[in-house]
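Colleague: The structure's right below; bear with me while I get my questions together.
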Amino acid sequence: MSVFSRLSDIINANINSMLEKAEDPEKIIRLMIQEMEDTLVEIRSSAAKCIAEKKDRKRQIRYLQEDFEDWARKAELAVSKDREDLARAALHEKAEISRRINVLGDDLKIVEDQLKKFDQDITLLQNKLTDAKDRQRSIVLRQQTANTQLRTRKHVYNDQLDDLMYRFETAEQRIERVESESEAMSMGRTTSLSEQIDELQNDDDIREELDALKARLNKAATKTEKKGK
């Protein structure tokens, strides 16, 4: 997967905007950094070739300048010896060398301009790469924090759920105990109307507490399910 298609895309990229639109920012920023690093290697390789060309052009110009001066001396010598024919030939060679020096000088100017462009691109790309790595550290930290918070919340809600389950089971046991005691006490004797009404009231109180626990338990379970999603 390629994030950038050209160097200008990287240099002009709005990293924050790209990350805000990405479904997986951590993956996108990792790909960005990889492409930036690869592009930086390519630019530096091209710049190294350019530097080699610059040195070669300068060396050729230096050698030609030495030849230029040598033919100038030869032309002077020929004139001093009244050898106009040789002087003309020497001046012709001198002029040809001057032409070649000018051509190489133009080439050297092009190479130097290209090197300046490489230097600018490398500086801009390094700045973008630094920015991207800073963003990556921020994203990783935020992701780790979010995961920790999620685990903590799950743990808290699970503890609350366990507590409600325990209280629910305790309430059920109390009801069963009261029911058992009621049955035991009713054995062998007739329960008065007042006692029966009191038992109904006790049962209602316990049932209300049990219903409240059930409602809280269901609410906690629903929250836990939503947080898990």
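Colleague: Determine which single condition LEU108 fails, assuming it passes every other condition in (1) hydrophobic (A, V, I, L, M, F, W, C); (2) surrounded by 13 or more Cβ atoms within 10 Å (Cβ to Cβ); (3) at pLDDT below 95.
Modeller: (3)
Colleague: Of all the helices (runs of 4 or more DSSP H) wholly in region 1-98, which have at least 2 residues that are under 27 Å from VAL111 (Cβ atoms) and at pLDDT below 95?
Modeller: 7-12, 25-80
Colleague: Mind checking which residues of region 101-140 are free of Cβ contacts under 8 Å to residues at least 40 places away in the same chain and either under 30 Å from TRP71 (Cα atoms) or not assigned by TED's automatic domain parsing to the domain that holds TYR63 (or both)?
Modeller: Taking region 101-140 first, the residues free of Cβ contacts under 8 Å to residues at least 40 places away in the same chain are 102-103, 106, 109-110, 113, 116-117, 120, 123, 127, 130, 134, 137-138.
Listed by number, the residues that qualify are ASN102, VAL103, ASP106, LYS109, ILE110.
Colleague: So, one more: Taking the residues in region 38-93 that are over 15 Å from GLU112 (Cα atoms) and among the hydroxyl-bearing types (Ser, Thr, Tyr) as candidates, determine which candidate is surrounded by the most Cβ atoms within 10 Å (Cβ to Cβ).
Modeller: Across region 38-93, the extreme among qualifying residues is THR39.
The values are calculated or read from the model by the stated rules, or taken from the named source; none is laboratory data. Here the structure is a predicted model, which is why all the values come from computation and not from measurement. Virtual Cβ from ideal backbone geometry, glycine too; neighbours counted across all protein chains shown.
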